[in-house]
1. Scan the chain and hand back the longest stretch that contains none of the chymotrypsin sites (Phe, Trp or Tyr not before Pro) lying in DSSP loops with at most 16 other Cβ atoms within 10 Å.
2. May I ask you to compute the full-extension gain from ARG72 to ASP180, defined as 0.36 nm times their residue separation minus their alpha-carbon distance, rounded to one decimal in nm?
3. On full extension of the chain, what length is gained from ARG107 through THR201, given 0.36 nm per residue of separation minus the C-alpha to C-alpha distance?
4. Give the share of C-alpha pairs in each 5 angstrom bin for the chain, from 0 to the last occupied bin, in whole percents, shortest bins first.
5. Working out 0.36 nm times the residue gap between ASP221 and ARG242, then minus their Cα-Cα distance, what length gain in nm do you get to one decimal?
6. Find the centroid of the Cα atoms in segment 5-37 and in segment 48-126, then give the distance between the two in whole Å.
7. Classify segment 129-194 from the C-alpha gyration tensor, please: rounded if a/c falls under 1.5, else prolate or oblate depending on whether a/b exceeds b/c.
8. Shape of segment 91-167 from its Cα gyration tensor (a ≥ b ≥ c, root eigenvalues): rounded if a/c is under 1.5, otherwise prolate when a/b > b/c, or oblate?
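No value in this document is a laboratory result; all are computed from the given coordinates. These numbers come from a predicted model, not from an experiment. A quick note on method: Cβ atoms are made from the backbone with ideal geometry, for glycine too, and the neighbour counts reach across all protein chains shown.
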Amino acid sequence: MIGRRESVGGAHFAFTDRWGGVSAAPYAELNLGGGGTPARAESRAGEAGDDPGAVRANRELAAKSLGVDPARVVWMNQVHRADALVVDEPWGERPVPEVDAIVTARRGLPLAVLTADCVPVLLADPVAGVVAAAHAGRPGMLAGVVPAAVRAMTGLGADPARIVARTGPAVCGRCYEVPDAMRDEVAAAEPAARATTSWGTPAVDVAAGVRTQLERLGVRDLEQSAVCTRESADHFSYRRDRTTGRLAGYVWLD
Ligand SMILES: [Zn+2]
């Protein structure tokens, strides 16, 4: 259910694994994505095929396990862009907007990011009381979604030197194979993301790119998940399974 959880000065970080939910294969078990909020990116990834009722039940189970109100969790309709949005309340009955980073200074408002190989990025400045969740795939990392999230946080009083950054399970640089030209394009923009697969072909390390971007902005407290989704049977992986569920990362303030 909750694969990893940490609290720092009243800010809480949590990442799910794939177990403990009610979805059937290929979304088994704790698929937290889709469920009536189909996005172009989600549809492409196949997650919209799960039963919306199962996703709703899974979101309730995960929230209960975290001790948060499922109705207050703020989700995103993720589209691999670099926009960051400040939020003050749950979407309620409104459509979930197309955005890849959300930021809040509101206490008790959990922000959630969905992934299955992309890098889920959770940020918190516990002193300022500002948190952010961002979805960084290869396009989003290159477009600067993480710097956009940090900028939106500083706009609310956060200081990068105080920001606690945690990234969750994601496909690693030894597994994320790409065409040679794509690796060149990524490396030209963010050299740290240049990688090689364990079988010797061109690859991209999105998490390394995210790490470098955060360090460049002055973020010092940064921990990266050691879990590779493609290699871990306990996590959803789009590159391994194509039609699969979504993991979630949650961040919130007391
Ligand atoms: Zn890997």
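1. Result, exposed sites excluded: 92-198.
2. Gain in length upon complete extension: 34.6 nm.
3. 29.3 nm
4. Per 5 Å bin, starting at zero, the Cα-Cα P(r) for the chain comes out as 1, 7, 15, 20, 21, 18, 11, 6, 2, 0 percent.
5. Once the chain is fully extended between ASP221 and ARG242, it gains 4.2 nm.
6. Taking the Cα centre of segment 48-126 as reference, the centre of segment 5-37 is 11 Å away.
7. Here segment 129-194 falls in the prolate category.
8. In terms of gyration-tensor shape, oblate.
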